[in-house]
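Okay, so here's the structure we're looking at.
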Amino acid sequence: MKILPRSAFGQTVLLIGFLLFINQVVSYVSFALYVIEPNQQQINQLLAKQVRVVFIDIKDARLSPKMAEAFHRETGIGVYREKEALKLGLASAGYYPYRSEQMSELLGGPAEVRISQGDQYLFWIRPPQAPNLWVKIPLLGLEEASFSPLIFFLGIIGVLSVAGGWIFVRQLNRPLKSLQRAAEDVGRGDFPEPLTEHGTSEIMAVTQAFNHMSKGIKQLEDDRNLLMAGISHDLRTPLTRIRLASEMMSELDDFLKEGIECDIDDMNNIIDQFIDYIRHDSKDKAELDDLNVLVAEVLNVETPSGRNIQLVASDCPKIPLRHVAVKRALANLIQNALRYTDGDIEVFTGHDKEQGYAYFMVSDHGAGIPDSDIERLFQPFTQGDTARGGEGSGLGLAIIKRIVDTHGGRVELSNKAEGGLQAKVCLPLEF
């Protein structure tokens with residue numbers, strides 16, 4: 001399972017979010033240590049001094065009711081026994097261990113601090129000077145120290161910062177997405193219109209370089225197609241004249257005539273392969289099609305008399321296919337299997353939902369090919385060893401790979417353990 005994003009967009013947003021999180025934590029801790037904590041200490045010192053004033057002349061736990069009433073009238077500070085204090089609000093007051101520890105240090109003995117909040121903020125303190133009494137000290141204009149507003153404020157800043165970073169990175173990556181799609185089109189042989197140059201100066205420079213490269217590749221492709229088409233056309237004319245001349249040969253030269261016609265047919269097949277290689281049906285638009293139906297159509301045409309080709313079809317969803325091109329790729333694989341083997345041939349179809357592709361596979365029972373030659377055979381004008389024959393131009397597998405590449409798929413060759421070769425073509429479920 002991937003935890004960290006792999007895209008530059010995701011990594012940048014994650015980095016911004018992480019740095020902001022660290023900043024928020026540091027701000028939170030700093031505010032607590034340098035603002036809230038000193039404020040709490042000042043309040044505790046003030047409360048401790050007021051408690052000392054109450055018991056400044058008391059040598060025992062008894063307190064004159066008149067003196068307590070006068071003191072309460074003048075300062076608002078009340079001194080009560082626990083039973084009376086419980087009736088006046090002590091029962092609903094909350095116990096604060098941290099404040100109690102601080103108050104114990106300030107008063108020089110075990111003290112207990114409780115706080116209740118109603119119309120006014122009340123501190124209830126049991127001092128060490130009179131453990132059986134409770135001192136009630138009201139503080140006006142004091143709110144309970146709460147981190148909620150701070151957390152809310154920091155959260156809003158964090159969300160806005162991440163959102164701003166997300167928008168910035170998205171705008172920065174949008175030209176890269178267009179560049180990626182255009183590069184994939186060029187890789188499939190489709191040449192899009194020049195991309196609009198916008199974004200940062202670096203992105204504009206890359207876009208400009210890509211447009212220049214795409215234009216150059218398209219020009220090379222056009223020149224190559226024109227060259228191959230011209231050569232093919234110029235070769236067919238003398239081949240036609242040679243065929244006509246062979247038809248006028250005498251019956252005594254039938255053995256020569258037959259050899260000449262075979263050579264002419266081979267040369268025409270080679271020329272057709274050249275045309276197939278440079279054309280690869282790039283203008284054929286991909287449409288949703290049933291792979292099993294397509295395979296069955298090819299087998300009906302390509303199965304010769306006296307040979308057995310078995311189709312083992314599995315359920316496949318409709319996938320985007322360039323119909324003519326895929327039929328040509330399958331036909332080439334079947335023709336190779338027929339040419340280089342004498343036994344039965346199996347064709348399998350299926351799909352892998354998890355990997356996101358459908359496939360067809362051609363399997364024969366021939367001699368196979370060396371594993372070291374598999375990758376090399378996909379190169380143009382490359383042929384295998386004598387086990388696979390020496391006919392043709394060496395473009396068959398190159399044509400197949402070119403067609404499969406235009407679909408964003410892959411082709412795999414492998415030798416079977418029981419003998420023979422299997423060629424598997426995987427095509428994506430979504431183009």
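The values are calculated or read from the model by the stated rules, or taken from the named source; none is laboratory data. Given the structure is predicted, the values throughout are model-derived calculations rather than measurements. Here the Cβ positions follow ideal geometry from the backbone for every residue, glycine too, while neighbour counts run over all protein chains shown.
One table, with the values for the structure above:
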| item | result |
| --- | --- |
| Those residues of segment 335-353 which are within 20 Å of residue 422 (Cα to Cα) and either at pLDDT 90 or above or under 35 Å from the mean Cα position of the chain (by Cα) (or both), in sequence order | 345, 346, 347, 348, 349, 350, 351, 352 |
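Here's the yes/no breakdown for (1) among the aromatic types (Phe, Trp, Tyr); (2) under 17 Å from residue 426 (Cβ atoms); (3) in the same structural domain as residue 293 (by TED's automatic domain parsing):
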position	(1), (2), (3)
325	no, yes, yes
330	no, yes, yes
337	no, no, yes
352	no, yes, yes
357	yes, yes, yes
366	no, no, yes
369	no, no, yes
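Yes/no per residue for (1) surrounded by 11 or more Cβ atoms within 10 Å (Cβ to Cβ); (2) among the basic types (Lys, Arg); (3) at pLDDT 80 or above:
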position: 215; (1), (2), (3): yes, yes, yes
position: 221; (1), (2), (3): yes, no, no
position: 227; (1), (2), (3): yes, no, no
position: 231; (1), (2), (3): yes, no, no
position: 236; (1), (2), (3): yes, yes, no
position: 240; (1), (2), (3): yes, no, yes
position: 247; (1), (2), (3): no, no, no
position: 257; (1), (2), (3): yes, yes, no
